[in-house]
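The values are calculated or read from the model by the stated rules, or taken from the named source; none is laboratory data. Keep in mind it's a predicted model, so treat the numbers as computed, not measured. Here the Cβ is made from the backbone with ideal geometry for all residues, glycine too, and neighbour counts use every protein chain on show.
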Amino acid sequence: MAQIIVVTSGKGGVGKTTSSAAIATGLALQGHKTVVIDFDIGLRNLDLIMGCERRVVYDFVNVINGEANLNQALIKDKRCEKLFVLPASQTRDKDALTKEGVGRVLDDLAKEFDYILCDSPAGIEQGAMMALYFADIAIVTTNPEVSSVRDSDRILGMLQSKSRRAEQNLEPIKEYLLLTRYSPTRVKSGEMLSVEDVSEILAIPLLGVIPESQSVLKASNSGVPVIIDQESDAGLAYSDTVARLLGEDLPVRFITEEKKGFLQRIFGS
Amino acid sequence: MSLLDYFRSNKKTSTAVMAKERLQIIVAHQRGERGAPDYFPQMKQEIIEVIRKYVQISEDQVSVQLDQNDDNLSVLELNVTLPDR
């Protein structure tokens, strides 16, 4: 039975696409056949982060409208045998996503895949609502910052009232917190909300903490999901996140300040 | 943090504490409105108008809350703080 996972947040720019790319790649590397779908119609970007932008021929909306079949639109990842990308349309508007159309495509994908990741657009309009509607699991991506936390709480409300599981009185969507762009140094100096603060306010289980890291920009520059970079703390933190998603119980890393050398302490970094 | 910073900071309340307090209030408020029917804000406004016909009150002296206790029981709670005479 395929699991449908939505990566959502409400607020833009918190790391949904970065996280979708990394988690999808991580699941596939663990041997699970995975597809990641870009729901941001009109503003597609997942293809760039995954490094397959020049191989896009057909897209999600083409499949919904019957202008192409799934096998024509799915892009097979270069690095990972079990990973596929379904890109968003760049031209049409968000209303191209209908509940019937999206449901039909997800049903077809569920026959072939173990995991279906839905990379939600920002906001609470059609695209975002369609990305979360069919979900079994929600990864609520949040930055330790007031507007992001508030918007995440709004999205939790949507998951609990506007999803298929809510409408049909099924078991609720499993909601998890993914805290991104975390800076232990700033938390220590009292300038940033801590993991405990955000967990307490949103009151959902923690799936992972991704430290603010230069490797994320480097990864997107080169079109390689950051989880591939196993020398970086962000890459390792995403690997831990995927392991937890698969049921492992791992301690959270990279949430305390790194020790600095004596000279660094005096002269700053 | 460099040596100079050791002499400067740590005097003011941390901004993270402020952020947490503000969020707790706004999130509690948001959750109060979650799951309420669409007519709820207007009904709340009209209840306030009716009370105002008789007593001078401001909006923050009235709290109207809808609690869903279980599947077939909702409780509408109305709290009015009347002004001192």
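May I ask you to list the residues in segment A:126-161 that are out of contact with any helix residue (DSSP H, G or I) (no Cβ under 6 Å at 6 or more places or on another chain), without any contact (Cβ under 8 Å) to a residue 60 or more places away in the chain and farther than 24 Å from B:Q24 by Cβ? Matches in segment A:126-161: A:M129 only. Of the residues making up segment B:13-63, those that are loosely packed, with under 11 Cβ neighbours inside 10 Å, assigned to a loop (DSSP other than H, G, I, E, B) and hydroxyl-bearing (S, T, Y) are B:T13, B:Y39, B:S58.
For segment B:24-35, a tally of residues being among the hydrophobic types (A, V, I, L, M, F, W, C) and more than 10 Å from chain A (Cβ to nearest Cβ) returns 1. Within segment A:171-226, the only residue that satisfies the criterion of being of a type in the set (K, R) and at positive phi is A:R181.
Filtering segment A:165-192 to residues that are within 18 Å of A:S147 (Cβ to Cβ) and within 21 Å of the chain's Cα centre (by Cα) leaves A:L177, A:L178, A:L179, A:T180, A:R181, A:Y182, A:S183. Only residues that are more than 14 Å from chain B (Cβ to nearest Cβ) and part of a helix (DSSP H, G or I) were counted in segment A:129-168, giving 7. The requirement of being closer than 18 Å to B:S14 by Cβ, part of a loop (DSSP other than H, G, I, E, B) and among the charged types (D, E, K, R) is not satisfied by A:E200.
If you go through segment A:30-74 and pick out every residue that is in a helix (DSSP H, G or I), over 16 Å from the mean Cα position of the chain (by Cα) and in contact (Cβ under 8 Å) with a residue 12 or more places away in the chain, you end up with 10. A residue that is among the polar types (S, T, N, Q), modelled with pLDDT of 95 or more and assigned to a strand (DSSP E or B) occurs nowhere in segment A:10-25. Of all residues in segment A:203-218, those being part of a loop (DSSP other than H, G, I, E, B) and of a type in the set (A, V, I, L, M, F, W, C) number 2. Are any of the residues in segment A:84-99 within 14 Å of chain B (Cβ to nearest Cβ) and crowded, with 24+ Cβ neighbours inside 10 Å? Within segment A:84-99, not a single residue is within 14 Å of chain B (Cβ to nearest Cβ) and crowded, with 24+ Cβ neighbours inside 10 Å. Of all residues in segment A:89-138, exactly one satisfies the criterion of being touching a Cys at 6+ places or on another chain (Cβ under 8 Å) and within 10 Å of A:D40 (Cα to Cα), namely A:A131. On the given criteria, is B:I47 under 19 Å from A:M158 (Cα atoms) and among the hydrophobic types (A, V, I, L, M, F, W, C)? No; evaluated as a whole, the condition is false for this residue.
Checking the stated criteria, A:E200 turns out to be modelled with pLDDT of 95 or more and out of contact with any helix residue (DSSP H, G or I) (no Cβ under 7 Å at 6 or more places or on another chain). In segment B:1-9 there is at least one residue matching the filter, namely being modelled with pLDDT under 80, in contact with a helix residue (DSSP H, G or I) (Cβ under 7 Å, 6 or more places away or on another chain) and within 11 Å of chain A (Cβ to nearest Cβ).
Summed over segment A:169-196, the residues that are in a loop (DSSP other than H, G, I, E, B), modelled with pLDDT of 95 or more and more than 9 Å from chain B (Cβ to nearest Cβ) give a count of 5.
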